[in-house]
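Working notes, beginning with the structure itself.
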Amino acid sequence: MSVPDELLKAYYAQIFPCDDIASWLSHGDSSLFYKRELSYNKKDNVIRYLSYRDGPTFRASLVSKCPDKIDIGPIMSHPPCERSSVEPGCFVDHQREFIMDIDLTDYNDIRGCCKGAAICERCWPLANFAVTVLDRALREDFGFTDILWAFSGRRGVHCWVCDESARKMSNDHRKALVDYLEVIKGSKVHLPPVLPPCLQRADEQVDNFFADHVLPVMDVLNNPPAREKLLSFIPDEELRASLLGAWTAEEEVTTSAQKWEQLCAECASPSRSRQKWTLDRAIRDIRWYCCYPRLDANVSMIMKHLLKSPFCVHPGTGLVSIPLSARHINDFKPWLATAGPVLTSSSTESAGSLMAKLAKQQAAAPAVTTEAAQPQAPRRVPGVDLPWFECPPSIWDVCTLTVQQGNLPPDVAFEQTPLRDHIRYFRALIARFQHNSGFHPAPPFDNLGEFDEAPYLLLHPDQQPRETVTVGGPALPIRHPEEEEAATVQAATSTWYSKEDEDEEDEEDEDGDGRRPRRTSDDIEELELARPRPHKVKKEQA
């Protein structure tokens, strides 16, 4: 699919957040944006070493050149557009965010549901799981806090670590960080004898994800290429042949979960006690190979590597590269997105006529009523019919209203589109990264800590409809008094056994049922009142 130039021009002129991108890439110092390398890709022609002084000049260039893709490079020692006047050897990269690229094509040997760039509900959770594992490792093992995750627009996710310490890392430092995080190298699993903290945590996460998704949903052991690859981790050729024969002959062992249980039982057989260490390692390696994030090491290790800009439109799908919340990554379902239509257009055709052509094409499309296919479901637009955080919008969704209403200022136009809350969230992240206390984001992004715990993020369209109210953002469920009281009791019940209560681990069992006494609502209230607050603890320690 190709996005028409006139539609891209309308998007760049009215909606693309040039000022916000410039603010993010300058990291609080406006002079740094002029030294930032930007790159345009237009019809497979790459234009590198572009730089602009501010957001308005950046927007004017986008409207003029109308690139299919925008890539971001490092901050250089001199403005890239002036590199020809710089002495040889003096034009060098100065700093750059630590970046990572997760691409589902790297998992092609274990996903049998999709090929190439396609994604679905069976394989995309691999990317969500990668975000969960890596985000926690970056925060807890390295102390990074300013982390931006973004959807690539098709089949992957990108990570931008914006902390100053991360931006100023040398290529050697970046390589060391990648070596610490990377486990899957080529077709092999490289786990050290003693697991570092991030891999110790990941081991439990891998166990759960393998049991809950890889076996029952992806059904890897019923996918012949994946099954052959996973069985290759078992060093005993006789055992491999025995398992394959059993799985072919036994009609009762049909699911991947049953086959995995049989594989583990055969490996634990007393007759193979001499091979116990190697077989246990093979079982562990199979689980990690299926689940653990697969990094493109070159992207992360080399400072000069380019990476697609957030809010860029993917030329192949027409989907917008939106920022993601790592805390709610499991709610993100890009396979629900509908790519834009294929429209042929002349170079002089306006965006308005293109949208009129789109409406006419959709109205004339016949309904699918054959027995082989169910009638096509009504199209749902992200941010309108779907929660904004659940699905990426396409440029067609974004430009529909703005094109109809004419030339609106960028600060007004985006408010009319499904990108409204994505841009608001992006602005709130920038304010937190740069400690900008003077910036007041619109709800629900005025407090990102509360946003991460917001209960309405769990509300999906297929659940029972409830009363809603819009507060400058997505629809929020209204809790009635009875629900509010029940939620309070539930929250207290789930948290009363906390740090200060761990000393009562050996409390006497009064009921004789083998369990600790259950707290009443009065006990819970007393414990909550006695709980030391974090700021008080820090004050006393200081």
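The values are calculated or read from the model by the stated rules, or taken from the named source; none is laboratory data. Please read these numbers as outputs of a predicted model, since none were measured by experiment. With ideal geometry, Cβ positions are generated from the backbone for all residues, glycine too; neighbour counts draw on all protein chains shown. These accessible areas exclude ligands, DNA and RNA; they are computed on the full protein's heavy atoms, side chains included. Shrake-Rupley method; radii C 1.70, N 1.55, O 1.52, S 1.80 Å.
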Unique residue being of a type in the set (Val, Ile, Thr) and farther than 18 Å from LEU295 by Cα when the list is VAL183, VAL178, VAL217
VAL217
Go through (1) surrounded by fewer than 22 Cβ atoms within 10 Å (Cβ to Cβ); (2) closer than 27 Å to ASN223 by Cβ and name the single condition VAL206 misses.
(1)
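Kindly indicate whether HIS27 is open to solvent by 10 Å² or more (accessible area, probe 1.4 Å), of a type outside the set (S, T, N, Q) and under 24 Å from the mean Cα position of the chain (by Cα).
Values: open to solvent by 10 Å² or more (accessible area, probe 1.4 Å): yes; of a type outside the set (S, T, N, Q): yes; under 24 Å from the mean Cα position of the chain (by Cα): yes.
Against the criterion (open to solvent by 10 Å² or more (accessible area, probe 1.4 Å), of a type outside the set (S, T, N, Q) and under 24 Å from the mean Cα position of the chain (by Cα)), HIS27 qualifies.
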Looking only at the range 247-306, how many residues end up being in contact (Cβ under 8 Å) with a residue 60 or more places away in the chain, part of a helix (DSSP H, G or I), open to solvent by less than 40 Å² (accessible area, probe 1.4 Å) and under 21 Å from VAL217 (Cα atoms)?
6
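Identify all residues within the range 209-246 that are part of a helix (DSSP H, G or I), touching a Lys or Arg at 6+ places or on another chain (Cβ under 6 Å) and open to solvent by less than 30 Å² (accessible area, probe 1.4 Å); write none if there are none. Before the answer, list the steps.
Filtering the range 209-246 down to residues part of a helix (DSSP H, G or I) leaves 209-218, 220-222, 224-231, 237-246.
With touching a Lys or Arg at 6+ places or on another chain (Cβ under 6 Å) added as a condition, the list becomes 210, 217-218, 221, 231.
Correct list: PHE210, MET218, LEU221, LEU231.
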How many residues of the range 229-246 are within 16 Å of ILE286 (Cα to Cα), touching a residue at least 24 places away in the same chain (Cβ under 8 Å) and among the polar types (S, T, N, Q)? The answer is 0
Is it the case, given these coordinates, that GLN200 is farther than 30 Å from ASP20 by Cα, assigned to a helix (DSSP H, G or I), in contact (Cβ under 8 Å) with a residue 12 or more places away in the chain and open to solvent by 30 Å² or more (accessible area, probe 1.4 Å)?
no
